[in-house]
Structures are given as C-alpha cells and as structure tokens.
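All remarks here apply to the structure that follows.
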Amino acid sequence: MENRLRLLRAERSWSQQDLAEKLEVSRQSVNAIETGKYDPSLPLAFRIAELFNLAIEEIFVSPASRSSGAI
Amino acid sequence: MFGARWSDFTPAQRAHTRRVLWLLLIYVIVLPPLVWMRANTAVAGYIPALMGIAASLPVLGIFASWGRYLSDERDEYHQTLTLRRNAIATNATMGAAVVWGFLQAFGAMPLVEAYWVPFVWVVIQGMFGCAGAFARGSKEG
C-alpha cells in the first residue's frame with residue numbers, strides 16, 4: 001500500500017530510527033511500511049496517524065481509490 | 001550488505017536467540033556421551049528410552065522457545081515475517097516428509113530417522129530467515 005510516511009518523516013527531519021522509537025516498533029518495520037512491503041495493522045496505522053496529527057487516509061493511499069483514479 | 005546486526009534485533013528476538021544458543025550448547029554437550037553410551041555399553045530396560053528423551057529435550061526446548069518468541073514479540077512486522085517463515089517451513093517439511101515416506105514405502109528411498117524432520121524444518125526456516133535478512137539489508141544499504 002502506498003503511503004506518505006517517508007515524506008512526513010523527512011519534513012520533520014526524523015530518521016527511520018527516530019520514528020521507530022516514537023512508534024515503539026523496529027526500524028525494519030518503519031522501512032517496510034515506507035517501501036510498501038508491509039501494510040501496518042489498524043492499531044499501528046492509528047498510532048502513525050496520531051503521531052502526525054493526520055487522518056489515516058491522509059497518510060495511506062487506499063488501493064481501491066488509487067486504481068479507480070479517485071486520488 | 002547483510003543487515004542483520006544484534007542492535008537491529010527486537011528484545012524478543014534477542015531473548016529467543018540467547019535461549020536457542022544455550023539450548024544448542026546443552027544439546028552439543030549432552031548428545032555425544034549418549035551416543036557413545038548407546039554404542040559402547042549394554043543399556044537395557046527403560047534406560048534407552050530415558051536416553052532418547054534426554055537427547056530430544058534441548059530440541060523440544062528450541063520449539064518451545066519459538067512459541068515463546070511469537071508470544072513475546074511486540075513488533076507486528078517481525079511477528080508476521082516469523083509466522084510466514086514458519087508456515088513455509090512447515091509446508092515444505094511436511095511435503096518432503098510425505099513424499100519421502102511414500103518413496104520409502106515403495107522401496108525407492110532408504111529409511112531415514114524421524115528426528116531429521118524437525119532438523120529439515122529448522123534448516124528451511126533458517127534459510128528463509130537469512131534470505132529475508134539479506135534482501136532487506138541489500139535494499140536498505
């Protein structure tokens with residue numbers, strides 16, 4: 001699933017390790033989510049959204065809406 | 001390059017690795033004297049059964065450690081990777097055991113001791129773990 005996590009992290013000058021510590025996950029998890037290799041669970045997606053003060057859909061791109069051209 | 005550094009391990013992975021290394025050490029210490037006793041002494045009665053159980057206990061401990069790891073792991077990504085690896089290793093090992101069993105039954109393959117089945121499971125699991133760590137390390141630079 002595509003997402004804006006890398007961009008949001010870069011805007012705050014956080015390293016993957018910084019973000020991992022804030023989310024209480026491993027650096028590999030952050031890397032896997034950023035590169036779209038792993039889709040986080042709903043609780044983790046909420047933690048990410050709350051950390052950036054954004055809605056989940058402002059961070060993660062729905063595959064359905066992307067394929068239909070809605071976004 | 002290979003990206004699996006000790007500092008990259010989650011606390012649950014570090015604890016599991018420590019447990020497995022201790023159990024392997026016990027296995028390496030316990031097995032040779034048991035094998036020697038079996039080959040060179042006249043053990044009888046319930047002693048061979050006890051020896052077999054003693055040899056298998058460290059390996060049982062390793063499987064128990066896997067269960068404990070999956071329960072302790074708080075990082076959902078690593079938990080998912082481990083579950084996927086375990087599922088692949090289980091399917092491949094069971095498949096190989098079934099094929100070998102029938103080949104053996106039809107006389108096409110020799111008898112293989114059953115304790116090789118978990119050994120194959122651990123090897124397949126480790127291979128996928130190393131391949132995954134290598135792939136992640138290469139992509140992360």
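From the backbone phi of the stretch A:48-53, what are the Karplus-calculated ³J(HN,Hα) couplings (6.51 cos²θ - 1.76 cosθ + 1.60, θ = phi - 60°) in whole Hz, Gly and Pro given as x?
Each residue of the stretch A:48-53 in turn: 5, 4, 5, 5, 8, 6 Hz.
Could you run the Karplus curve 6.51 cos²θ - 1.76 cosθ + 1.60 with θ = phi - 60° over the stretch B:19-25 and give me ³J(HN,Hα) per residue in whole Hz, x for Gly and Pro?
So the Karplus estimates, Gly and Pro as x, are 4, 5, 5, 5, 5, 5, 4 Hz.
Sequence-distant or interchain residues sharing an amide H contact under 5 Å with A:Asn3, placed H: which?
A:Val61
Using the Karplus equation 6.51 cos²θ - 1.76 cosθ + 1.60 (θ = phi - 60°), what ³J(HN,Hα) coupling, rounded to whole Hz, does each residue of the stretch B:90-106 give in order, writing x for Gly and Pro?
5, 5, 5, 5, 4, x, 4, 5, 5, 4, 4, x, 6, 4, 5, 4, 8
I need the GluC sites (Glu not before Pro) found in the stretch B:62-133, filtered to DSSP loop residues with at most 11 other beta carbons within 10 Å of theirs. Mind dumping the intermediate values first?
On the way: sites: B:Glu73, B:Glu76, B:Glu113; in loops: B:Glu73, B:Glu113.
For GluC sites (Glu not before Pro) across the stretch B:62-133 that sit outside H, G, I, E and B with at most 11 neighbouring Cβ atoms in 10 Å, the list reads B:Glu113.
Using a Gaussian network model of chain B whose springs link C-alpha atoms within less than 10 Å, name the residue from B:Leu24, B:Leu103, B:Leu57 with the highest mean-square fluctuation.
B:Leu103
With a cap of 14 neighbouring Cβ atoms within 10 Å, and only residues DSSP puts in a loop, list the GluC sites (Glu not before Pro) found in chain A.
Working: sites: A:Glu2, A:Glu11, A:Glu21, A:Glu24, A:Glu34, A:Glu50, A:Glu57, A:Glu58; in loops: A:Glu2, A:Glu24.
Here the sparse-neighbourhood loop sites are A:Glu2, A:Glu24.
Quick one: with all protein chains in place, what share of the accessible area of chain A is carbon or sulfur, to the nearest percent (1.4 Å probe)? Kindly include the intermediate steps, with their values, before the conclusion.
Numbers: 2050 of 4000 Å².
Carbon-and-sulfur percentage of accessible area, whole number: 51.
Give me the accessible area per residue for chain B, probe 1.4 Å, as a whole number in Å².
Details: 9280 Å² over 141 residues.
Counting only protein heavy atoms, the per-residue value for chain B is 66 Å².
Keeping the other protein chains in place, figure out the carbon and sulfur percent of the accessible area of the stretch B:1-87, with a 1.4 Å probe. Please list the in-between numbers first.
Details: 4000 of 5580 Å².
Of all accessible area on the stretch B:1-87, carbon and sulfur atoms account for 72 percent.
Under a crude label model (7 Å from the Cα following the beta-carbon direction), how far is B:Phe9 from A:Phe52 in nanometres?
So the label points at B:Phe9 and A:Phe52 sit 3.3 nm apart.
For B:Phe134 and B:Leu34 in the same chain, what is the full-extension length gain: residue separation times 0.36 nm, less their Cα-Cα distance, in nm? Write down the numbers at each step before the final one.
Working: separation 100, 0.36 × 100 = 36.00 nm, distance 3.74 nm.
Taking B:Phe134 through B:Leu34 to full extension adds about 32.3 nm, to one decimal.
Put +1 on the Cβ of every Lys and Arg and -1 on every Asp and Glu Cβ in the stretch B:1-124; which of B:Val98, B:Thr17, B:Phe63 then has its Cα farthest towards the positive end of the dipole?
The one lying farthest along the dipole's positive direction is B:Thr17.
Taking loop as defined by DSSP and a crowding limit of 16 other beta carbons within 10 Å, which chymotrypsin sites (Phe, Trp or Tyr not before Pro) in the stretch B:56-141 fit? Could you put the intermediate results ahead of the total?
Working: sites: B:Phe63, B:Trp66, B:Tyr69, B:Tyr77, B:Trp100, B:Phe102, B:Phe106, B:Tyr115, B:Trp116, B:Phe119, B:Trp121, B:Phe128, B:Phe134; in loops: B:Phe106, B:Tyr115.
Passing sites in the stretch B:56-141 are B:Phe106, B:Tyr115.
Total accessible area buried between chains A and B, 1.4 Å probe, in Å² to the nearest 100?
Chains A and B together bury approximately 1000 Å².
For the stretch A:1-49 and the stretch B:19-35, compute the distance between their C-alpha centroids and round to whole Å.
41 Å
The values are calculated or read from the model by the stated rules, or taken from the named source; none is laboratory data. This is a predicted model, so every value here is computed, not measured. We place every Cβ from the backbone using ideal geometry, glycine too, and count neighbours over all the protein chains shown. SASA here: full protein model, heavy atoms, side chains in, ligands and nucleic acids out. Shrake-Rupley method; radii C 1.70, N 1.55, O 1.52, S 1.80 Å.
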